[in-house]
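The values are calculated or read from the model by the stated rules, or taken from the named source; none is laboratory data. Note that the structure is a prediction, hence the values are computed from the model and not measured. Cβ placement follows ideal geometry from the backbone for every residue including glycine, while neighbour counts extend to all protein chains displayed.
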Amino acid sequence: MNKTKRRIFNTAIKLFSEKGYDNTNIEEITAVAGVAKGSLYYHFSKKEDIFDLLLEEGEKLLKNSIEIKTKNCKTALDKIKAIIMIQIKITVYYEDFLNIVLSQIWGNDSKSIKCKKAVFKYVNVIEKIIKEGIQNGEFYDGDSQAIAAGVFGVSCSSLIYRLKADRNVNIEKIYNGFLDTVVRGLCK
C-alpha cells in the first residue's frame, strides 16, 4: 500500500472508530488525511471500499497471527493460551479496528453482515481448538460453540473496559489474569 493510500486508510480507521462509520464522510477523511478528494477516489471508489479493506487487513492479521502462534503448540490448551495472547495484543494495539468491527456487528446491513462473518470465522477457529481439547480430554465437555464465543467475548469486553479505564496496559499481567480465569474454567 503506498503512502497516500495508507494515510487515507489510517485516517478513516481513526474517524470510523471515534465517530462511527455512518457519521464519517469522505470530506472529513480527506481533510484530516490532508489529501485531495481525487486522491481518495483514485485509491477507493467509495467509503465502503475503505471499510472492506479494513476487514480484509484485520482478517489477514488474525489469520497470520494464529498460524504463527499455534503452529508449534502441542496441546489444545497451549493453542487457547496463544489465542488469548493474540486477542489481548489485537485489542491493545488495534483498538480502533476492534471498536469498528464490534460497533458494526449489530444490524443486517452489508457492513454488519461482513463484520458478523469475520467474527464468526474467528470464533470458529477457537471452537475447533475447544473441540480438540474436549476430544483429547484436556477440557470439560460442553457446548464448544458457546465456550468459543465466551472465550472471545470475555477477552474482548474485559479488555475494552480495561483500556477505557486505564491506558497503561501491562499485557503480561492481563494475559496471566485471563489465563487464570479462562483456563481454570476450561480444564479438567
Item to check | Filtered residues of the stretch 1-22 (kept if small (Gly, Ala, Ser) and either free of Cβ contacts under 8 Å to residues at least 40 places away in the same chain or surrounded by 14 or more Cβ atoms within 10 Å (Cβ to Cβ) (or both)) | outcome: Ala12, Ser17
Checklist outcome for this item: Quick count over the stretch 58-79, residues being within 23 Å of Phe139 (Cβ to Cβ), hydrophobic (A, V, I, L, M, F, W, C) and under 16 Å from the mean Cα position of the chain (by Cα), is 2
Next on the checklist: Being closer than 28 Å to Ile126 by Cβ, out of contact with any Pro (no Cβ under 8 Å at 6 or more places or on another chain), at pLDDT below 95 and outside the structural domain of Ile105 (by TED's automatic domain parsing) is true for just one of Ser65, Ser17. Which residue is that?
Outcome noted: Ser17
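Got a sec? Which of Gly150, Gly133 is of a type outside the set (A, V, I, L, M) and modelled with pLDDT under 90?
Details: Gly133 fails: modelled with pLDDT under 90.
Selected residue: Gly150, the only one of Gly150, Gly133 that is of a type outside the set (A, V, I, L, M) and modelled with pLDDT under 90.
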Checklist entry - Can you pull out the residues in the stretch 91-114 that are over 9 Å from the mean Cα position of the chain (by Cα), surrounded by fewer than 18 Cβ atoms within 10 Å (Cβ to Cβ) and not aliphatic (A, V, I, L, M)? => result Tyr93, Asp96, Ser103, Trp106, Gly107, Asn108, Asp109, Ser110, Ser112
Checklist entry - Any idea which of (1) closer than 23 Å to Lys14 by Cβ; (2) aliphatic (A, V, I, L, M); (3) loosely packed, with under 13 Cβ neighbours inside 10 Å is the one Ala146 doesn't satisfy? => result (1)
